[in-house]
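What follows is a single structure, written as structure tokens, with notes after it.
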Amino acid sequence: MLIEGKWSGAWHPVQAKDGEGRFLRQTSAFRNWITPDGRPGPTGEGGFAAEAGRYRLFVALICPWASRTLIARALKRLEGLIDVTVLEPFLADEGWGFGDFPGAERDPLHGADRIHEYYTRADARYTGRATVPVLWDTQRDTMVSNESADILRMFDGAFDGIAPETPKLYPADIAPEIEALEAELYPAFNNGVYRAGFASSQAAYDEAVADVFATLERLERMLSDGRPYLLGDGVTGADVRAFVTLVRFDLAYHGLFKCDRARIADYPGLSAYADRIAELPGVAATVSAEHIRHGYYSIRALNPSGIVPVGPDRSPGVPS
């Protein structure tokens, strides 16, 4: 991580843990918002107006948090307005890096080797982890946000005046239901698989795995009435959040994170649902089985041999 702007030690997946061995996730540090006219958003400072070609999104295709911003960019048809750079999937000693792994890229702006160089470019004395996604303002040469939940919301509305017209991911009439479902999905499922994989006590692991599979069973029941998406006929932010974990489950979480009670392939409703979302315009391009497998199995703390398994022949939501 970075301490007062200097990289210290080797990257490690466990950010923090409590006294019971539960994995704790770091809070995002950069919380500015792009808004239609540059006025301040719910957090942070103003000055980030929605403009074509001004912003660049840095992502890793292994990372579900980064991938949900990519999916939002695709669903909202923002590809022509916001540029993207894909980092390598490996979690090296200095964290996420640029490079030549198939599908990854070199840094096009400043020739950086690691994403942490962008953190210290935005704040020379930054202390904390250097995560993805990073939403970068090329005009001001600073970071807008590294909080994926905020970026997803920005993409849903900030560019409405200059982007093609698309359905809302957070339509006002069901916004409370979306937010309530997201509030349940995050701790039990999106972060639940990490709580299981990085648990340092049996009790913490057992608790996390119970949460993960209780959520999967609930989602399967929700879909059993034939609805196409979790909250009805239209895709929402809650579907984006669910999908990014579902699509990685059989490839990584089932084995590496010990979430092995069942696979997503064992849930017919969830399997069809993941495939349905992957068929939405632009979504399949955000999913890379190779980045997911090579990325997760590069985590030495969980896989010291570095052996990458071949993976299942078919995984729900993964393009064939």
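The values are calculated or read from the model by the stated rules, or taken from the named source; none is laboratory data. In this text, all values refer to a predicted model and were calculated from it rather than measured experimentally. Reconstructed Cβ throughout: ideal geometry from the backbone, glycine too, with neighbour counts over all protein chains shown. What goes into the accessible areas is simple: the full protein's heavy atoms, side chains included, and nothing from ligands, DNA or RNA. Shrake-Rupley method; radii C 1.70, N 1.55, O 1.52, S 1.80 Å.
Could you check which residue among LEU57, LEU135, LEU219 shows the biggest mean-square fluctuation in a GNM of the chain with a 10 Å Cα cutoff?
Sorting by GNM fluctuation, first place goes to LEU219.
Pick from TYR273, TYR126, TYR296: which is most flexible by mean-square fluctuation in a GNM of the chain where alpha carbon atoms under 10 Å apart are linked?
It is TYR126.
Shape of the range 174-320 from its Cα gyration tensor (a ≥ b ≥ c, root eigenvalues): rounded if a/c is under 1.5, otherwise prolate when a/b > b/c, or oblate?
oblate
Quick one: if the Förster radius is 35 Å, what FRET efficiency do ARG300 and ALA214 give, using the C-beta to C-beta distance and rounding to 0.05?
0.70
Accessible area, 1.4 Å probe, largest first: how do GLU207, GLU182 sort?
Accessible-area ranking of GLU207, GLU182, largest first: GLU207, GLU182.
Most mobile of PRO268, PRO108, PRO36 per a Gaussian network model of the chain (Cα springs, under 10 Å)?
Between PRO268, PRO108, PRO36, it is PRO108 that shows the largest mean-square fluctuation.
If the reach is capped at under 13 angstrom between alpha carbons, list the aspartates and glutamates near LYS76, excluding any in the same chain fewer than eight residues apart.
Of all the aspartates and glutamates, those that pass the test against LYS76 - Cα under 13 Å, at least 8 places apart if same chain - are ASP156, ASP160, GLU165.
What net charge is computed for the residues neighbouring TYR55, neighbours being all others with C-beta under 11 Å from the C-beta of TYR55, Lys and Arg scored +1, Asp and Glu -1?
Value of the local net charge: +1.
Please name whichever of TRP136, GLY46, VAL84 sits farthest to the positive end of the charge dipole of the range 39-154, dipole taken about the Cα centre and charges placed at Cβ: Lys and Arg +1, Asp and Glu -1.
GLY46
Carbon-plus-sulfur fraction of the accessible area of the chain, 1.4 Å probe, in percent?
50
For the range 91-99, in order, what is each residue's ³J(HN,Hα) by Karplus, 6.51 cos²θ - 1.76 cosθ + 1.60 with θ = phi - 60°, in whole Hz (x at glycine and Pro)?
9, 7, 4, 10, x, 5, x, 8, x
Using a 1.4 Å probe, how large is the accessible area of TYR297, given in Å² and rounded to the nearest 10?
Approximately 30 Å² of TYR297 is accessible to the 1.4 Å probe.
With a Förster radius of 30 Å, plug the Cβ-Cβ distance of LYS6 and ARG140 into 1/(1 + (r/R0)^6) and report the FRET value to the nearest 0.05.
0.80
Putting +1 on Lys and Arg Cβ atoms and -1 on Asp and Glu Cβ atoms, find which of THR69, GLY232, TYR170 reaches farthest to the positive end of the dipole of the chain.
THR69
Let me cross-check LYS168: its accessible surface, 1.4 Å probe, with only protein heavy atoms counted, in Å² to the nearest 10?
That residue has around 80 Å² of solvent-accessible surface.
Enumerate the helices in the chain for which the Kyte-Doolittle hydropathy averages -0.5 or more and the C-alpha atoms extend at least 20 Å along the helix's axis, using complete DSSP H runs.
The answer, listed by residue number, is 202-223.
Taking only protein heavy atoms and a 1.4 Å probe, what accessible area per residue, in Å², does the chain have with all protein chains in place?
Result: 42 Å² per residue.
Okay, helix-only estimate at 222 nm for the chain: each DSSP H run of n ≥ 4 adds -39500 (n - 2.57), divide by all residues, round to 500 deg cm²/dmol; what do you get?
Using -39500 (n - 2.57) per qualifying helix, the result is -9500 deg cm²/dmol.
Under the definition of Cα pairs under 8 Å and six or more residues apart, what whole-number percent is the relative contact order of the range 199-320?
27
Using a 1.4 Å probe and ignoring any ligands, DNA or RNA, find the accessible area of ARG153 and quote it in Å² to the nearest 10.
The accessible area comes out at roughly 80 Å².
Mind checking which of PRO187, GLY255, PHE159 is farthest towards the positive end of the chain's charge dipole, using Cβ charges of +1 (Lys, Arg) and -1 (Asp, Glu) about the Cα centre?
Of the candidates, GLY255 comes out farthest on the positive side.
Determine ³J(HN,Hα), in whole Hz, for all residues of the range 112-119 in sequence, where each value follows from phi through the Karplus function 6.51 cos²θ - 1.76 cosθ + 1.60 and θ = phi - 60°; x replaces Gly and Pro.
So the Karplus estimates, Gly and Pro as x, are 5, 8, 10, 5, 5, 5, 6, 5 Hz.
Give the ranking of ASP206, ASP239 by solvent-accessible surface, highest area first, calculated with a 1.4 Å probe.
ASP206, ASP239
So if we plug the beta-carbon distance of ALA285 and ALA183 into 1/(1 + (r/R0)^6) with R0 = 25 Å, what FRET efficiency do we get, rounded to 0.05?
0.30
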